[in-house]
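In what follows, a single structure is set out as structure tokens and then discussed.
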Amino acid sequence: MDKLPSVTEDAAAGEIAELYEDIRTVLNAPTVNLIWRHLAAFDGALGWVWKSLRPLYTDGYLGSAASSVRDFERPAKLASFSIDFNTASLDTEAWLRIEDVLKNYQRTNPANLIALCALLAALEGQPASPAPKTTAMANTEAAIGTLPELIPESKMSAALRADARALEALGTGRPLGPVIAGVPRHLAHWPAFLSETVRGFRPYRDEIASCIATVQDHAHQQGRALAGLIEIPSKTSSRPAVVEALETFAAPHLISNYIVKVGLLLSALGPHTRGISAGR
């Protein structure tokens, strides 16, 4: 995959900065996910998409749907999945920071995935009936603290870059490409942890691929059920940019990829963080 155009949060100004602030507030998240930063690189696309999807987040349509995607069914081989992180030699602060990074993506990715699937279904004109309200986004959860900055690929060592790119591609059936997603770029702050993650995932690449496909299919089903609730903006001039942006992003596959990997990592992290987190 070619490098993905995006507008960083630091570079955002004017309307884009205002949209970013609203997205952070609505999702109760410290950062803006890559899909929104990517849409911001296409003229008018971010405002067009966020105006269409914001009511799904604020009016109570994504809560249960997001939970059903987050709690994906695992093949038997992954039922007791674990990774031995002992060789990573991390201190207490590092474990907590890693947990915050993963929980941020666990909170935001499922809702973003379903919302995008709903938008894709609406753009394709798929018939749908309005879904009943479920539960609102978990805006009452304790906010996650400030996350570390995303590390650019250009600032990584060759070994670190290889691990980050491997995490991106593992189980996707796609060739290695430039690091574009936030998860590996955040985890690159802890090279030993990232290396152990890739090593721990490799024997399960087929099972991970199966989970990614399951999550993606389920999200499409959830999205189709919500498509009838989306009011496509009347400003049709932005529609081609939106379609191009979503196709370039390879949505929803990329988000499904990290819903699975983050979910597995949080399970594997449990024995290392349970006591620490309780004492926070």
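Under the classification rounded if a/c is under 1.5, otherwise prolate if a/b is larger than b/c and oblate if not, where does segment 152-258 fall, given a ≥ b ≥ c as square roots of the Cα gyration tensor eigenvalues? It comes out oblate by the Cα gyration axes. The listed peptides 238-248, 162-172, ordered by packing as a protection proxy, come out as 162-172, 238-248 (highest mean of other Cβ atoms within 10 Å first).
Placing +1 on the Cβ of each Lys and Arg and -1 on the Cβ of each Asp and Glu in the chain, which of GLY60, GLY200, PHE249 has its Cα farthest towards the positive end of the resulting dipole? Result: GLY200. Calculated [222 nm] ellipticity per residue, helices only, for the chain: -19000 deg cm²/dmol; basis is -39500 (n - 2.57) per DSSP H run with n ≥ 4, divided by all residues, nearest 500. Please state the shape class of segment 225-270: rounded when a/c is under 1.5, otherwise prolate if a/b exceeds b/c and oblate if not, all from the C-alpha gyration tensor. Prolate.
In the chain, taking the dipole from charged Cβ atoms about the Cα centre, the farthest positive-side position among LEU187, THR214, ALA115 is held by THR214. Students often get this wrong, so try it: which of (i) 20.2; (ii) 18.5; (iii) 19.2 is Kirkwood radius over Cα pairs in Å as calculated from the structure shown? Read-out taken from this structure: (iii). Packing, taken as the mean count of other beta carbons within 10 Å per residue, orders the peptides 208-215, 259-266 from highest to lowest as 259-266, 208-215. Taken per residue, the accessible surface of segment 1-109 reaches 44 Å², heavy atoms only and a 1.4 Å probe. Taking the Cα centre of segment 45-110 as origin and assigning +1 to Lys and Arg Cβ atoms and -1 to Asp and Glu Cβ atoms, the resulting dipole is close to 340 debye. Ranked by the mean number of other Cβ atoms within 10 Å of their residues, highest first, the peptides 216-225, 89-98 come out as 216-225, 89-98.
Calculated FRET efficiency, ALA162 to LEU96, Cβ-Cβ distance, R0 = 30 Å: about 0.65 to the nearest 0.05. Once the Cα atoms are used to define both axes, helix 158-169 deviates from the longest principal axis of the chain by about 50 degrees. Keeping the other protein chains in place, figure out the carbon and sulfur percent of the accessible area of the chain, with a 1.4 Å probe. Solvent-exposed carbon and sulfur of the chain make up 49 percent of the total. Magnitude of the charge dipole for the chain, about its Cα centre and with charges confined to Cβ atoms of Lys, Arg (+1) and Asp, Glu (-1), is about 440 debye.
Overall, segment 1-78 carries a charge dipole of about 400 debye about its Cα centre when +1 sits on the Cβ of Lys and Arg and -1 on the Cβ of Asp and Glu, all other atoms neutral.
The values are calculated or read from the model by the stated rules, or taken from the named source; none is laboratory data. As the structure is a computational prediction, the values presented were derived from the model and not from experiment. Ideal geometry is used to build each Cβ from the backbone, glycine not excepted, and the neighbour counts take in all protein chains shown. Each accessible area value is taken on the protein alone, full model and side chains, heavy atoms only, with ligands, DNA and RNA left out. Shrake-Rupley method; radii C 1.70, N 1.55, O 1.52, S 1.80 Å.
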